[in-house]
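Notes for the one structure printed next.
Each reported figure results from applying straightforward, stated rules to the coordinates on display, with no laboratory input. These figures come from a predicted structure and were not determined experimentally. Using ideal geometry, Cβ is built from the backbone for each residue, glycine included, and neighbour counts are taken over all protein chains shown.
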Amino acid sequence: MLKVGLTGSIAVGKSFVCEVLRELGAAVLDADQTAREVVAPGSQGLREIAEKFGKDVLLESGELDRARMGAIVFADESKRRLLNSIVHPLVFAAQDRWLAAKERENPRGIAVIDAALMIESGGYKRFPTLIVVWCQPAVQLQRLMLRNDLSEAEALRRIAAQMPQEEKKRYADFLIDTTDGFDAARVRTVEVFEALSLLSK
């Protein structure tokens, strides 16, 4: 089975690319979903976060207060590293279990793990093939402001908290540019899937 990492910065269109890859027959796992599962109420991950960050980061329901946690870690690099040191190992373990299951189901298939911080976390090293989704910075800024209802300053701060797109692109085996919208991105995603299919044979 071909194991593929897929990454890209905030608001560049990773979800759309993943949707197209699923339509084409790839198995795709969203790392955000996995990250939510490993900090679900009652989980080891949530217990560790509450120990390190205090009970204030929990909602009354016992769930993680994502908005509060986001505000804390986007404003403080050391706190972001602390959160990642708790969450990343749990996410990697969950991804490995999922990949093993997909390999049993279809040894000649293509399995894609989508993770925004794959390069920053070092997780990309676990995959022989890496796709980086990107778009022009002005387009990224507009998409993020619209999607998350953020001011320009807040959106720029979130973008600046991540590795620059140009740096991410240097790690890529395949690049998918979403600047020109869905139709062009779909065409490029199909091209990349066809190349992956040849690699998986």
At a Förster radius of 30 Å, what calculated FRET efficiency corresponds to the Cβ-Cβ distance of residue 182 and residue 160, to the nearest 0.05?
-> 0.65
Could you grab the relative contact order for the chain? Cα pairs under 8 Å, six or more apart, rounded to a whole percent.
-> 38 percent
Translational diffusion coefficient, Stokes-Einstein: compute it for the stretch 1-129 using the Kirkwood radius over C-alpha pairs as Rh, at 37 °C and 0.692 mPa s, and state it as an integer in µm² s⁻¹.
-> 209 µm²/s
If the chain between residue 50 and residue 104 were fully stretched, how many nm would it gain, using 0.36 nm times the residue separation less the Cα-Cα distance?
-> 15.8 nm
With no solvent and one point on each alpha carbon, what is the Debye value of log10 I(q)/I(0) for the stretch 71-201 at q = 0.10 Å⁻¹?
-> -0.41
For the chain, build the charge dipole from Cβ charges (+1 Lys, Arg; -1 Asp, Glu) around the Cα centre, then report which of 54, 27, 90 sits farthest towards its positive end.
-> 90
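Based on a Kirkwood Rh over C-alpha pairs, give the Stokes-Einstein translational diffusion coefficient of the stretch 11-86 at 10 °C and viscosity 1.306 mPa s in µm²/s.
The estimated diffusion coefficient comes to 113 µm²/s.
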For a label point 7 angstrom out from the Cα of residue 77 toward its Cβ, which stretches of the stretch 146-179 have the backbone nitrogen within less than 12 Å?
-> 161-163
On average over all directions, what projected area in square nanometres does the stretch 83-142 have, based on the convex hull of its Cα atoms?
-> 5.5 nm²
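Under a point-charge model restricted to the Cβ atoms of Lys and Arg (+1) and Asp and Glu (-1), what is the dipole moment magnitude of the stretch 1-117 relative to its Cα centre, in debye to the nearest 20?
260 debye
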Could you check the simple spin-label distance between residue 59 and residue 138, using points 7 Å along Cα→Cβ, in nm with one decimal?
-> 3.8 nm
Once both labels are modelled 7 Å past Cα along the beta-carbon direction, what's the residue 173-residue 67 spacing in nm?
-> 4.1 nm
